[in-house]
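*Asks:* Structure below; questions to follow.
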Amino acid sequence: MSRTVAAARRGLRSPETRAAGLAAALSMAAYCLALAIHRTYPFGARSRAVNDLGDQLVPYHAHLWDLMHGNSTGDLLFNWNSGYGAPFLADFMAYLMNPFSWLVGLFPRDAVNFPVFLVTLLSIGLASALMTVFLGRLHQGSPWLRALLAVGYGVCAWVLNDGAADPRWMWGLVSLPLVCLACDWCLRQRRWVLGTLLVAVAWAGNVHTGAMATLAAGLVLLVRMYLARTPVRAKLRVLARAAAMVATGVLLTTPVILVGLKAGKVSQPAPLARYDGPTGLTDYLTQLLPGGGSDHSMPNIFVGLPALLLVASLPFNREVRIRERAAWYVLLVAVAASFGWRPTILLWHGLAVPDGSPYRAAFVLSGMLVMAAWVSLSRRPDPFALLGGAGLVALIAVLGRGHSSVRSSTWVLVVAGGAVVVGALWLLQRRPDDPAVRRIVGTVLAVGVLAGSTYAAYWATVLRDRTTISRTTISSQSSAAYDLIQRADDWPKNRTDPGPHEFTSNDPLLLGGEGGSYYSSYLPAVTAQLLHDLGAGWYLEGRHTLSPADPVGRALFGVTTYLDSSSAPEGFSPEQAAAAPLVTVHPDSKPDVSSVWSRQQSLLGAKVYDIPQLTPTAGPVPTLHGISGWSVPATPEGGTWTTFDGVCTPGSTAYFYGPWFNGTVLGLGTEYDSYGRQPMTAMPIRELGTVPADGQVQLRLRAGAAAQVPVEPIGCLDHGALSAALAQLRAATSVSTGGHALSAELPAGSTGLALVSVPAVQGWQCSVDGGAEAAPKSVLGMIGVRLGAGASRFSCGYRTPGLNTGLAVSGVALAVVAGVGLITRLRRSRVRALSTLRRVLARP
C-alpha cells in the first residue's frame, strides 16, 4: 500500500501532471476572466445569454437536484411534472449524463445556475488537461508547450459559440482526447480494457458527441498508422484491436443508445433543419482568425493564435518529413471540407442535420488543428517556418478584410499576439538548451496565451450576446413561484400547473408542480398531439408544448391551481379553478373528434359548449374547405376585416380557436395579435368575452396573408354546465402514484372505461383487479383502462422501451471486458512467475 501511495504522489508531482494542471487552470481562467470583464454571470449582473437549449438545461438540472434530494414525485424513468406525465430516462441520458452535471446536488436548489456554469467550466479544464496528455503521445516534447497549445483547444471558438450555451455538448470536448488516448494504447498494444472503458465513458456522457469524437479519433489513428514505420500486418493488428475496443465500448453503452433510439422513434418530429450549402473559401478561412465571429452560420474553428501560427508553419517546417506534413494537411483539409458537403455533415451528425447549427461537430477540427500545431512545434520550427506561417496568417487576414469575421479585435490579436508568439518561438529555437531562455519564453507564452485567450473569449461573448436571448432562469420571481407551487401542490389528488405563465421552456421542471409545458427532443408525439387536439399551444412544431389556457382544458387535466401572467410585481398571479379528478370512470364509447370543442366534451362526458355555425358577413370572403376549415384571404391595407357572425346562449363565454391564424383577432370587445404559423407555432384557445343579451357573437379577423381557421372556431362555454359536469363525474375513491406507477381504487363493480388524465405514451402496462397486464387504450391520447364486467381497482406501471434489451447487451459486453481483463491478469501473473523461476534457477 505504501508503494502505491508513493507512486501516486510521484505521479502528481511529475511534469506531465503539472503541465496538464496548468492547461486546465489557464483555460478555465481565460474563460472566467472573459465573463468577468463582460460582467456576465456568475461574475456580474448581466445574465448569461442562452439559446433555446441553454434555457432548456437549467430546469433539467433543477429537476436532477429534486431527484437527488428526494424532492420529486417521479424518478429516473418517469417525470410526472412535465407534459402531464412523460418518460424521463431518455431526457436524463441526453441532457444530464455529463458527469459534472451531477455536482448540482452539492448546491442549494435556488443556486442551480451555478453548477450548470460549472459543467461548462470543468469540461473546459478537463478537456485541456487531457489534450495536453495526448499531445505527448502524439510526439515527445515539452509538456509545458503542449499545455499552452491545449489551452487553445479548451477555449476554442466552438466552446465559446456552441458548447458553452449547451453544456451537454461540452462532454464532446473531453471525449476527443479521451478516445484518442484509448486509440494510442491500441497503437502501443496496451490497456485494451481501460481503453474500452474510456470509449464507453465518451459515449455515455453524450452519444452524439461521443460518436463524433470516435470518428475523429479513428481518422487521427489512420494518419498515425500511415506514418508509422511498421509492417502492414502489424498495422492491421492495431486497427483490429482498435475496432474491437470501440465496438465493445459502444456496446457497454447500449442502454443509453437503445433508450434514445426508441424514444426518438415515437417523439414529436423535429422541425426540418435547413442547410444552405457551403460557404465561400475566404469566409471559411477567416474562421481560423481570433477575435471575430461571422454574421451567418459557420464552423467555429479558431483555436488560439499560437496554434494557428504553428499549423500555418507546418508546410515550411523542414524538420518534419514531407510525408508527415502532407498527411496532416490532407486530414485537416478533408475534415474541413466535410463540413461543407451535406452527405458528410449527415455522417458527422448521425444522419440528420441538427436543429440550430449544422456544424456541431466542429470541435473535432479544432482538436486536429491543435494536434497539427504540436507536430510542428515539437520539431522546433526555424525562422523560415515561423515567418512562412506568419505570412500565411497575414494573407488570410488581408483576404478576409471586410468580412464579418474580421474585426478590429482580430487585427489587435493577429498583429500584437503574432509578434509575441513568433519572437518567443524564434528565441527558443535559437537557444533551446538555455534554462533561463526556456523560463522566459515559457512565461511570456503563458501570459500571452492567457491574455490572448481571454481577449478572444471576451469578444466572442460580446458578439454572441448580440444575437441570443438573455434570460434569467433562477430569479426572485421564479423562486417566489416555486414556493407558491410547493405550498399549493396536492398531487395526485389534483394538479398544480406553473403555466400558462412561462419563466423558461420547462417551468414544471424548474418550479415543480404538474404542468403541460414541456420542451424536449424526446417529447412523445402522443403528448404533443393530445395537448394540441385539446386546444393547447405549441412551439417548434410540437417539441415545446404549453399548458392549456382555457377552463375546460385545465379541468380535463385536473388543474386546480395555476399561474397566469399578470401585471403583479412577480409577473404572475395564482388562480384557482374546479377540475376533474386524475381518474374518472366513463362509458366505453367512441369520442366525437369533429372539433376541439367536441373533443373536450367527449373526454368530459357532458355538453358544455354552444358551437355556433358562423356566417361570413363582411370583408374579404373566406372559403370553406369542408373539414379542413376556412381559408381567410389577406385583408387589404385599410380595408374591412373578414367578419363572421353567429349566435350563442346569452351570458356564456365565447372562446376562439385558430391555432394557425396569423393576424389580429377581434371579438366581443377583445382584440389581440395571433402568431400562429403552421406547423411551427400553434396558438391556444383564447377567451373573447361574455355573450351579450341578444346572443350575437361577431368575430373579425385581419390577416396579413391568406390564413386558415377551423370550421368551428368559436365555442361558447356555459360555466354552470361545466360545474355540473365536474360534480357528476364518477371519480376513483383513491389514487396513488409512485416514481413510474399509478393505481386507483374504484367504486365496486365499476364498468366501462377508467380515464386517466395522463398521455398514453408507449411503455405503459395496466392490470385490472390484479389480472394480466396489457397496454392501455388510447382515448384521444389519454390513458384508458377497460374495466370489463366490473372492477374495483386497477394499477399501471411504466417500463422504458429498450431499457431491458440494452441492459442485457451491456451485460454481455461487460462480461467480455471482464473476461479480457482476467485473461490479461493471468497472463501477466504467469509471466512474472516464470521470470521469478528463471531468476531462482539462475542463482549459483
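The values are calculated or read from the model by the stated rules, or taken from the named source; none is laboratory data. Only a predicted model underlies this, so the values are computations on that prediction, with no experimental measurement involved. So basically every Cβ, Gly included, is an ideal-geometry build from the backbone, and we count neighbours across all protein chains shown. When the accessible area is computed, the model is the full protein with side chains, heavy atoms only, and any ligands, DNA or RNA have been set aside. Shrake-Rupley method; radii C 1.70, N 1.55, O 1.52, S 1.80 Å.
*Asks:* Looking at L729, L197, P343, which one has the Cα that reaches farthest to the positive end of the dipole of the chain (charges on Cβ: Lys, Arg +1; Asp, Glu -1)?
*Replies:* Farthest along the dipole direction, towards plus: L197.
*Asks:* Now a separate question. Not counting ligands, DNA or RNA, and with a 1.4 Å probe, what is I37's accessible surface area in Å² rounded to the nearest 10?
*Replies:* 100 Å²
*Asks:* Now for a different question. Rounded, prolate or oblate: which fits region 530-599 when a ≥ b ≥ c are the square roots of the eigenvalues of the alpha-carbon gyration tensor, with rounded for a/c under 1.5 and prolate only if a/b beats b/c?
*Replies:* Oblate.
*Asks:* Output the relative contact order of the chain, whole-number percent, from Cα pairs under 8 angstrom with separation of 6+ residues.
*Replies:* The value is 14 percent.
*Asks:* Run the accessible area of the chain with a 1.4 Å probe and give the carbon-and-sulfur part as a rounded percent.
*Replies:* 60 percent
*Asks:* Let me ask something else about it. Using amide H atoms built in the peptide plane, which far-off residues or other-chain residues are under 5 Å from G74 H to H?
*Replies:* Close amide H contacts, sequence-distant or interchain: W80.
*Asks:* A further question on this structure: Under 5 Å between amide H atoms, partner at least 5 residues away or on a different chain: which partners does G356 have, H built in plane at 1.01 Å?
*Replies:* none
*Asks:* From the Cα gyration tensor of region 190-302, with a ≥ b ≥ c the square roots of its eigenvalues, which class applies: rounded if a/c is under 1.5, or else prolate if a/b is larger than b/c, or else oblate?
*Replies:* Oblate.
*Asks:* Here's something else I'd like to know. Determine one quarter of the surface area of the Cα convex hull of region 433-579, which equals its mean projected area, and express it in nm² to one decimal. Please list the in-between numbers first.
*Replies:* Details: hull surface 57.2 nm².
That works out to 14.3 nm², a quarter of the Cα hull's surface.
*Asks:* In what sequence, largest accessible area first, do S723, S453 appear using a 1.4 Å probe?
*Replies:* S723, S453
*Asks:* Still on this structure, I have one more. Return the distance in nm (one decimal) between the two label points of a simple spin-label model at A775 and S589, each offset 7 Å from Cα along Cα→Cβ.
*Replies:* 2.7 nm
*Asks:* On full extension of the chain, what length is gained from R487 through E671, given 0.36 nm per residue of separation minus the C-alpha to C-alpha distance? Mind dumping the intermediate values first?
*Replies:* Working: separation 184, 0.36 × 184 = 66.24 nm, distance 3.52 nm.
Gain in length upon complete extension: 62.7 nm.
*Asks:* For Y675, tell me the accessible area in Å² from a 1.4 Å probe, rounded to the nearest 10.
*Replies:* 140 Å²
*Asks:* Considering the values (1) 48, 33, 26; (2) 72, 30, 24; (3) 57, 34, 22, which represents semi-axes √(5λ) of the Cα gyration tensor in Å as calculated for the structure under consideration?
*Replies:* (3)
*Asks:* Ignoring ligands, DNA and RNA, how do S792, S567, S573 rank by accessible area with a 1.4 Å probe, largest first? List each step's numbers first, then the result.
*Replies:* Values: S792 50, S567 120, S573 25 Å².
Descending order: S567, S792, S573.
*Asks:* Next up: May I ask you to give the solvent-accessible area per residue for region 146-286, in square angstrom, as obtained with a 1.4 angstrom probe?
*Replies:* I get 37 Å² per residue for this part.
*Asks:* Going by the alpha-carbon gyration tensor, a ≥ b ≥ c the square roots of its eigenvalues, is region 756-806 rounded (a/c under 1.5) or, if a/c is not under 1.5, prolate (a/b greater than b/c) versus oblate?
*Replies:* It comes out oblate by the Cα gyration axes.
*Asks:* What does the highest-first list of 324-335, 118-129, 631-642, 702-713 look like by mean Cβ count within 10 Å?
*Replies:* Packing proxy ranking, top to bottom: 118-129, 702-713, 324-335, 631-642.
*Asks:* For the pair A451 and V398, what calculated FRET efficiency results from E = 1/(1 + (r/R0)^6), where r is the Cβ-Cβ distance and R0 = 30 Å, to the nearest 0.05?
*Replies:* For V398 and A451, the calculated efficiency is 0.80.
*Asks:* Let me ask another. With every protein chain kept in the model, how would you rank V444, V364 by accessible area, 1.4 Å probe, largest at the top? List each step's numbers first, then the result.
*Replies:* Values: V444 65, V364 0 Å².
Order by accessible area, largest first: V444, V364.
*Asks:* What nm distance separates the two modelled labels at T443 and S792, each placed 7 Å from Cα along Cα→Cβ?
*Replies:* Distance between label points: 8.7 nm.
*Asks:* Which far-off residues, 5 or more places away or on another chain, put their amide H under 5 Å from the one on L523, with H placed in the peptide plane?
*Replies:* Amide H neighbours of L523, under 5 Å, 5+ apart: Q268.
*Asks:* Mind checking which lysines have their Cα closer than 20 Å to the Cα of K590? Skip sequence neighbours fewer than 8 apart in that chain.
*Replies:* K607, K777
*Asks:* Same structure, new question: Short version: ³J(HN,Hα) in whole Hz for each residue of region 88-94, in order, from phi by Karplus 6.51 cos²θ - 1.76 cosθ + 1.60 (θ = phi - 60°), x for Gly and Pro, what are they?
*Replies:* Whole-Hz 3J(HN,Hα) from phi for region 88-94: 10, 4, 4, 5, 4, 5, 7.
*Asks:* Ok, one more. What accessible area per residue, rounded to a whole number of Å², is obtained for region 574-698 using a probe radius of 1.4 Å? Spell out each step's value before the answer.
*Replies:* Working: 5770 Å² over 125 residues.
About 46 Å² of surface per residue is accessible.
*Asks:* To the nearest 10 Å², what's W192's accessible area with a 1.4 Å probe?
*Replies:* Surface open to solvent at W192 totals about 30 Å².
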